[in-house]
Amino acid sequence: MGTVHARSLEPLPANGPDFGALGEEAEFVEVEPEAKQEILENKDVVVQHVHFDGLGRTKEDIIICEIGDVFKAKNLIEVMRKSHEAREKLLRLGIFRQVDVLIDTCQGDDALPNGLDVTFEVTELRRLTGSYNTMVGNNEGSMVLGLKLPNLLGRAEKVTFQFSYGTKETSYGLSFFKPRPGNFERNFSVNLYKVTGQFPWSSLRETDRGVSAEYSFPIWKTSHTVKWEGVWRELGCLSRSASFAVRKESGHSLKSSLSHAMVIDSRNSSILPRRGALLKVNQELAGYTGGDVSFIKEDFELQLNKQLLFDSVFSASLWGGMLVPIGDKPSSIADRFYLGGPTSVRGFGMHSVGPQSEGDYLGGEAYWAGGLHLYTPLPFRPGQGGFGELFRTHFFLNAGNLCNLNYGEGPKAHIRKLAECIRWSYGAGIVLRLGNIARLELNYCVPMGVQKGDK
């Protein structure tokens, strides 16, 4: 019996099977007899049956949506490729611990000479999984308990609960996630949460208790998310030395907002991309659906990456945003933009640029920031092909500004104000990529254009 067993199949070249390039996890059992092998490799084939072994609580309809393309394969190479793609889709659902693929010649009375059977051997996740860990940061230690119920109703639904008990604050979050069968990018989620944040640059403590509902969907090459959020916010002073401007912001408020986010991302990596572009556009309207906070908020992020000679990468980034209060009530310190720090203008303190009062930074209603970056391999390429590939030399130039605008003035006045007192910096350093999770930078920065009150 001719059998091909693949645990993980990499995409195959169009000119034929290259079994040596399928990776260490691929295992092929010898195919017999030779005549059958010639039929499968050089002639058209038909996928007659697709079987699943190991299904328990998972419903068949959501599985059928993910493996439908396997029946469209016309030759052995396409069968292997489309089976691999179906395997990736099944794993993306987050309901299986393991998925193996078995491709075999078809047997039985209705078997065609060129017929194939494809079997997916799956191992479902447990009904309940949990995690426990501790975290230390911001002069606070906390215990974090997480519970997850994957595939709750059999169609890739997921319920997640996280509880954090700290020496200073307690927070929790409960979420329900539901994808659309056959289109995982279209999904709906509901969240219930309580989160407390401390912002020492503003001597501010904020506690949010809220609920949100969002729907995500793709359109062409873009990803969209529409969200409603209702949150009860409690603002307080982080220390007794907080400025009067911060004390005046203290108290309770209720925000109900509608927001939309659009993302176009063609980068090969979100941590240290070598090529591709990113565009993010966010809009938020607060007050239309209730609450005592009213504003319109727009912001965007643009990033371009280009690979150069000698394994170097040039990157250019631009951010910007504007917040317009609706009515006579001024904007809240919790809704404004902040600038400064390693994620925007390096060399300046975290969120320590722009309007401030007695050393407390109040944020601004309009901002822009940009950066030019050059990433190169380490000098003399130590550890080439191994651990040294995680490090890159980093040269950068950053600039930006943050201010409040008088919306009674025209666009020219706004541009003129944003162009005044530009903060900028330049420097060099080393970047360490920590897998596909985060990056660590060690930079020498020279801040320029420092204004009174900046850190």
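The values are calculated or read from the model by the stated rules, or taken from the named source; none is laboratory data. Predicted model only: the values in this text are computed from it and were never measured. Backbone-built Cβ (ideal geometry, glycine too); neighbour counts: all protein chains shown. Side chains included, ligands, DNA and RNA excluded: accessible areas come from the protein's heavy atoms. Shrake-Rupley method; radii C 1.70, N 1.55, O 1.52, S 1.80 Å.
Accessible area per residue was computed with a 1.4 Å probe on protein heavy atoms; His260 scores about 60 Å².
If the only charges are +1 at each Lys and Arg Cβ and -1 at each Asp and Glu Cβ, what is the size of the charge dipole of the range 180-449 around the Cα centre, to the nearest 20 debye? Intermediate results must be reported in sequence, preceding the final value.
Details: 29 positive and 23 negative charges, 117 e Å.
Using Cβ point charges on Lys, Arg, Asp and Glu, the range 180-449 gives about 560 debye.
Comparing Val70, Gly56, Ile95 along the charge dipole axis of the range 46-124, the residue lying farthest to the positive side is Ile95, per the Cβ-charge model.
Take every pair of alpha-carbon atoms less than 8 Å apart whose residues are at least six positions apart; their mean separation over the length of the range 275-331 yields a relative contact order of 33 percent. Residue-wise HN-Hα couplings along the range 204-213, as the Karplus relation 6.51 cos²θ - 1.76 cosθ + 1.60 with θ = phi - 60° gives them from phi, are 10, 10, 10, 10, 10, 10, x, 9, 9, 9 Hz; Gly and Pro carry x. Return the label of the correct value of Rg/Rh (Cα atoms, Kirkwood Rh), as calculated from the structure shown, out of (i) 0.99; (ii) 1.04; (iii) 1.02. After the calculation, the listed value that fits is (ii). Solvent-accessible area of the chain (1.4 angstrom probe, protein heavy atoms only): carbon and sulfur portion equals 58 percent. Local charge sum around Asn398 (other residues, Cβ-Cβ under 10 Å, Lys/Arg +1, Asp/Glu -1)? Result for the neighbourhood of Asn398: +2.
Computed from point charges on the beta carbon alone (+1 for Lys and Arg, -1 for Asp and Glu), the dipole magnitude for the chain about its Cα centre is near 2120 Debye. Cβ under 10 Å from Gly197's Cβ, Gly197 left aside: what net charge do those residues give with Lys, Arg +1 and Asp, Glu -1? Summing Lys and Arg as +1 and Asp and Glu as -1 gives -2.
If R0 is taken as 25 Å, the Cβ-Cβ distance between Asp328 and Val446 corresponds to a FRET efficiency of 0.05. Please tell me the relative contact order of the chain in percent, rounded to the nearest whole number, where contacts are Cα pairs under 8 Å and at least six residues apart. Normalised by residue count, the contact order of the chain is 7 percent. Here's how it looks for Leu204: its modeled amide H is under 5 Å from those of Phe199, Leu238, which are all 5 or more places away or on a different chain.
Work through the residues other than Gln451 whose Cβ is under 14 Å from its Cβ and net out their charges, Lys, Arg +1 and Asp, Glu -1. My count for the surroundings of Gln451 gives +2. Looking at Ser131, Gly453, Val46, which one has the Cα that reaches farthest to the positive end of the dipole of the chain (charges on Cβ: Lys, Arg +1; Asp, Glu -1)? Comparing the listed Cα positions along the dipole, Gly453 ranks first. Computed with the Debye formula from one identical point scatterer per Cα of the range 46-124, without solvent, the log10 of I(q)/I(0) at q = 0.15, 0.17, 0.19, 0.23 Å⁻¹ comes to -0.49, -0.62, -0.77, -1.07. Residue order by solvent-accessible surface for Asp360, Asp109, Asp69 is Asp109, Asp69, Asp360, largest first, with ligands and nucleic acids left out and a 1.4 Å probe.
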